[in-house]
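I'd like to ask some things about the structure below.
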Amino acid sequence: MMRLLHKFVYPLYTVAMLVLLSACSAEQDSPAPAGNSIATEQTPLITTEVTDNPFEQFDTGYSVRTLMNAIVQPNALEIWRAVRYVSTIDGVIEDVTPQTDEDWERLRTSAITLIEAGNALMIPGRVAEPADPDVEYPAYMYTSEEIQARLEANPEIWSSYIQAMQLFTQATLEAIERRDVLGLIETGGTINNACEGCHAKFWYRRDI
Ligand code: HEC
């Protein structure tokens with residue numbers, strides 16, 4: 001959203017300001033008609049400060065946990081559930097594989113979203129949510145403060161797990177684009193190694 005605003009709204013605003021400024025200087029000799037000053041007094045839609053930090057323009061307000069629940073988990077599940085079967089003692093009763101163009105397109109969207117979620121998770125400043133999660137076994141999880149501290153102390157390890165997730169998902173995306181069901185199962189399964197590797201390092205408590 002911010003990027004869109006920067007791309008489109010800010011240039012438009014700049015153009016609008018230039019037009020207003022030239023209009024103002026043209027009118028300097030004659031007094032401005034009453035009521036005409038409203039446009040020049042408007043507060044800008046966006047104010048951008050030029051800083052040395054290129055990451056300052058990104059919105060990192062959503063926590064790691066929120067991104068996990070809102071983007072990472074649902075899209076990974078979409079991929080993992082694309083091929084499945086239900087079997088009973090009488091044999092396989094339901095055999096699910098992607099069939100239609102829409103099925104494959106949905107998977108493609110999920111893979112791309114998961115890769116991009118990785119980029120969002122790598123933006124410096126992303127935080128662990130302040131409140132402790134309402135987890136089933138809190139003793140086995142680091143607290144949010146501990147997660148935050150681990151995150152800040154190990155940015156390279158954090159990024160390496162994300163890049164692994166992106167790499168495995170990229171291979172999955174290629175299988176999806178080939179419409180290769182077997183490849184989808186094989187590569188899709190590898191994504192979980194990146195999820196669990198990172199959880200084991202940053203989320204699951206190991207000192208108990
Ligand atoms: C780079 C590290 C990293 C990767 C990769 C990662 N996670 Fe996470 N995940 C975390 C951390 C850290 C937490 C704990 C966040 C918290 O509780 O503040 C978490 C929490 C979660 C949660 C729990 C949210 C909750 O409400 O308690 C889910 C679900 C989850 N991750 C799913 C996934 C899946 C699925 C993948 C892979 C497709 C994945 N994660 C990849 C770091 C990662």
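Residues that are in contact (Cβ under 8 Å) with a residue 40 or more places away in the chain and of a type in the set (A, V, I, L, M, F, W, C): list the helices (runs of 4 or more DSSP H) wholly contained in segment 114-204 that include at least 3 such residues.
Ranges flagged: 155-178, 181-202.
So, ALA120, is that one in the same structural domain as ASN69 (by TED's automatic domain parsing) and under 26 Å from ASN53 (Cα atoms) or not?
Yes: the conditions hold for ALA120.
Let me ask something additional. Of the conditions (1) at pLDDT 95 or above; (2) more than 11 Å from the chain's Cα centre (by Cα), GLY61 clears all except one; give me its number.
Looking at each condition in turn, GLY61 falls short on (1).
Further question: Residues in segment 68-84 that are buried (at least 17 other Cβ atoms within 10 Å of the Cβ), under 13 Å from the mean Cα position of the chain (by Cα) and more than 8 Å from the ligand (Cβ to nearest atom): how many?
Final tally of qualifying residues: 1.
Please pick out the residue among GLU152, GLU156 that is at pLDDT below 95, in the same structural domain as ASP101 (by TED's automatic domain parsing) and more than 20 Å from ALA76 (Cα to Cα).
GLU152 is the lone residue from the list that is at pLDDT below 95, in the same structural domain as ASP101 (by TED's automatic domain parsing) and more than 20 Å from ALA76 (Cα to Cα).
Let me ask you something else. ILE112: modelled with pLDDT of 95 or more and within 15 Å of the ligand (Cβ to nearest atom), yes or no?
When the stated conditions are applied, ILE112 passes them.
On to the next question. Can you tell me which of GLU105, GLU152, GLU177 is in contact with a Lys or Arg (Cβ under 9 Å, 6 or more places away or on another chain) and more than 10 Å from the ligand (Cβ to nearest atom)? Lay out the reasoning, then the answer.
Values: GLU105 fails: in contact with a Lys or Arg (Cβ under 9 Å, 6 or more places away or on another chain); GLU152 fails: in contact with a Lys or Arg (Cβ under 9 Å, 6 or more places away or on another chain).
On inspection, the qualifying residue turns out to be GLU177.
Which of the residues spanning segment 180-208 are β-branched (Val, Ile, Thr) and within 16 Å of the ligand (Cβ to nearest atom)?
Taking segment 180-208 and keeping what is β-branched (Val, Ile, Thr), we get 181, 185, 187, 190-191, 208.
Within segment 180-208, ILE185, THR187, THR190, ILE191 meet the criteria.
I'd like to check something: does segment 113-133 contain any residue that is of a type in the set (Val, Ile, Thr) and within 15 Å of ARG81 (Cα to Cα)?
No, because not a single residue in segment 113-133 is of a type in the set (Val, Ile, Thr) and within 15 Å of ARG81 (Cα to Cα).
The values are calculated or read from the model by the stated rules, or taken from the named source; none is laboratory data. None of the values given here were measured: they were computed from a predicted structure. Glycine gets a Cβ as well: all are built from the backbone with ideal geometry, and neighbour counts include every protein chain shown.
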